[in-house]
Amino acid sequence: MQKKAVVLLSGGLDSATALAMARADGHEVYAMSFRYGQRHDIELEAAAAVARDRGVAEHRIADIDLAAFGGSALTDPDIDIPETASDGIPVTYVPARNTIFLAYALAWAEVLAADAIYLGVNAVDYSGYPDCRPEYIAAFERMANLATRRGVEGEPVTIEAPLIDWSKAEIIRRGTELGVDYARTISCYQADEQGRACGVCDSCRLRARGFADVGVADPTRYQPGT
């Protein structure tokens, strides 16, 4: 039987590349996205488009309410999205988001008898998020195999973060080789209702620099005046 993987799919550049890599690794892919109260939920349309393009076995969107807690510019409209680089952990960090997402993915993976969970976190071209670090991924994998029936019965799940030590240019280069259509993806923290990027948030800057560094035309649709 073909091995299975759950892929966390936000609709952004990194997660679309991670999904393509899971397919290239020989997995039957089950994609999971979240409507979590994010101000840029247009990304879910991008996630659905990527899932269709890549022929996933199933794509689920889970509804959770992280906006109930706030504490992030991505879930609280009263906190401005920063448009300049900042030091330390930025206000776009969503408290415990990756831990919550991975817990959902772990539950589905156990039901599916999937042996891997893929996510597109990156610790090189990233914004200082504590839940994008290699030590965090390793710790979650240890916990996952202590906390699940499959784990304690000798069928462990691996947490695959294949992009974690890559630059944005390296990610784009590999995704291009695998046929990822980056025009389908949305990375902007404040994309408009048509999915057009602001061009000035941290995510937009990292994305644009990646395309420039690798010498690939940037397919991102930007808002007028950007």
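Relative contact order for the chain: 24 percent, from Cα pairs under 8 Å spaced at least 6 residues apart, divided by residue count. Its Cα gyration tensor gives the chain an equivalent ellipsoid; the semi-axes, largest first and in whole Å, are 27, 20, 16. Length, then width, then depth: along the principal axes, the Cα atoms of region 99-226 run 56, 29, 28 Å.
The HN-Hα couplings worked out from phi for region 194-209 by the Karplus form 6.51 cos²θ - 1.76 cosθ + 1.60 (θ = phi - 60°) are 8, x, 7, 7, 6, x, 10, 6, 4, 5, 5, 5, 5, 5, 4, 5 Hz, whole numbers, x standing for Gly and Pro. Going from the residue with the fewest nearby Cβ atoms within 10 Å to the one with the most, VAL6, VAL94 rank VAL94, VAL6. Starting from a Cα-only point model with no solvent, please compute log10 I(q)/I(0) by Debye for region 12-137 at q = 0.14, 0.16, 0.19 1/Å. Here log10 of I(q) over I(0) equals -0.66, -0.87, -1.22.
Which of the peptides 176-182, 15-21, 186-192 is most tightly packed, and how do the rest follow, judged by the mean count of other Cβ atoms within 10 Å per residue? Mind showing how you got there, number by number?
On the way: 176-182: 16.0, 15-21: 26.9, 186-192: 23.6.
So the peptides 176-182, 15-21, 186-192, ranked by packing, come out 15-21, 186-192, 176-182.
Taking amide H atoms as placed 1.01 Å from N in the peptide plane, the amide H of VAL7 lies under 5 Å from those of TYR30, ALA31, MET32, TYR118, each 5 or more residues away in sequence or on another chain.
Run lengths n ≥ 4 of DSSP H only: what is the helix-derived mean residue ellipticity at 222 nm for the chain, with -39500 (n - 2.57) per run over all residues, to the nearest 500? Could the numbers behind the result be given before it?
Values: 7 runs with 81 residues, N = 226.
The helix-only estimate for the chain comes to -11000 deg cm²/dmol at 222 nm.
Across region 116-198, the mean sequence separation of Cα contacts (distance under 8 Å, 6 or more residues apart), normalised by length, yields a relative contact order of 32 percent. With contacts taken as Cα pairs under 8 Å at a separation of at least 6 residues, region 41-151 carries a relative contact order of 17 percent. Close amide H contacts of THR158 (hydrogens built in the peptide plane, cut-off under 5 Å, sequence separation of 5 or more or a different chain): ALA116, ILE117.
Cβ crowding within 10 Å, taken as a proxy for footprinting-reagent exposure, orders VAL200, VAL152 from fewest neighbours to most as VAL152, VAL200.
Listing ILE159, ILE117, ILE61, ILE81 from fewest to most neighbouring C-beta atoms within 10 Å gives ILE61, ILE81, ILE159, ILE117. For region 90-97, the Karplus equation 6.51 cos²θ - 1.76 cosθ + 1.60, evaluated at θ = phi - 60°, returns couplings of x, 6, 7, 5, 9, x, 6, 4 Hz by residue, with Gly and Pro reported as x. For region 53-60, backbone phi angles converted through the Karplus equation (6.51, -1.76, 1.60; θ = phi - 60°) give residue-by-residue couplings of 4, 8, x, 5, 5, 7, 10, 10 Hz, Gly and Pro being listed as x.
Each reported figure results from applying straightforward, stated rules to the coordinates on display, with no laboratory input. These numbers were taken from a predicted model, which means no experiment stands behind them. With ideal geometry, Cβ positions are generated from the backbone for all residues, glycine too; neighbour counts draw on all protein chains shown.
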